[in-house]
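What follows draws every value from the coordinates through simple rules; no lab data is involved. Note that the structure is predicted; figures quoted are calculated from it, not measured. Note that each Cβ is placed from the backbone with ideal geometry, even for glycine, and that neighbours are counted across all protein chains shown.
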Amino acid sequence: MSQTIAIYPGTFDPLTNGHLSILNRSLKIFDKVIIAILINPKKNPLFSLEERIEMIKQVLGNKENIEVDSFNGLLVDYAVRKGANVIVRGLRALSDFEFEFQLALMNRKLNRAVQSVFLMTDYKWFYTSSTIIKEAASLNGNISGLVPPIVCEKLKEKYGYKKA
């Protein structure tokens, strides 16, 4: 019996509770989900690739149906290399949909065998993004509850929070 493998791509800089919500819901649909961290030279992430992989693994533990990996190049080519035919993307707002729809159409043009599946975020994560969370954290804002505890601690370390 073959497994249905899905790719959940992103920069995950950092992993948020919104990402975890999409991941957990994906695991109810697909046999295996590969969290694929995009190596994008055009972006300047706060956390190194190694730090992001380590944080994600710490949050998720060792689960057989989840793999954490990184890639560069075309997502559809990576999906084929990993034996996946589904790309999972989370949507928050209409603006997300417009961008994600364009990406999905391009991916479909590049490889019709790889399908895009969109999952709406849970309402409580509707307003959050890694960018907004990093900005709040950089200004000493309370981001607990928006990211897993280990990520919260790592953000505090990055921004030089003083221990109370």
What are the ³J(HN,Hα) values, in whole Hz, obtained from phi via the Karplus relation 6.51 cos²θ - 1.76 cosθ + 1.60 with θ = phi - 60°, for each residue of the stretch 135-149 in sequence order, with x given for Gly and Pro? 5, 4, 5, 5, 9, 6, x, 7, 9, 4, x, 9, 9, x, x
Which listed pairs, of Lys32/Lys154; Lys57/Lys154; Lys42/Lys82; Lys42/Lys154; Lys43/Lys158, have C-alpha distances above 20 Å, in listed order: Lys32/Lys154; Lys42/Lys82; Lys42/Lys154
Rg ratio (alpha-carbon, reference 2.2 N^0.38 Å) - the stretch 55-156: 1.27
Just Leu46, Leu110, Leu94 to compare: in a GNM of the chain, with alpha carbon springs under 10 Å, which one fluctuates most? Leu94
Sorted from fewest to most neighbouring beta carbons within 10 Å, what does the list Glu157, Glu51, Glu135 look like? Glu157, Glu135, Glu51
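Would you calculate a helix-derived [θ] at 222 nm for the chain, using -39,500 (n - 2.57) for each DSSP H run of n ≥ 4 and dividing by the full residue count, to the nearest 500?
About -12500 deg cm²/dmol.
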How much net charge surrounds Lys32 when only other residues with a Cβ under 14 Å from its Cβ are counted (Lys, Arg +1; Asp, Glu -1)? -1
Please return the longest range in the chain lying between exposed loop sites, taking trypsin sites (Lys or Arg not before Pro), DSSP loop only, at most 13 other beta-carbon atoms within 10 Å, and leaving the sites out. 113-161
Ordered by fewest other Cβ atoms within 10 Å, a rough proxy for footprinting exposure, Glu67, Glu50 read Glu50, Glu67
Set the Förster distance to 30 Å, then compute FRET efficiency between Ala113 and Ser70 from the Cβ-Cβ distance, nearest 0.05. 0.85
If Lys and Arg each add +1 and Asp and Glu each add -1, what is the summed charge of the other residues whose beta carbon sits under 15 Å from the beta carbon of Ser70? -2
Once both labels are modelled 7 Å past Cα along the beta-carbon direction, what's the Glu54-Asn140 spacing in nm? 2.7 nm
Once amide H atoms are built 1.01 Å from N in the peptide plane, which residues 5 or more positions from Met120, or in another chain, come under 5 Å H to H? Leu91
With θ taken as phi - 60° and the coefficients 6.51, -1.76 and 1.60, list the Karplus ³J(HN,Hα) couplings across the stretch 61-66 in order, rounded to whole Hz; mark glycine and proline as x. x, 9, 10, 4, 8, 10
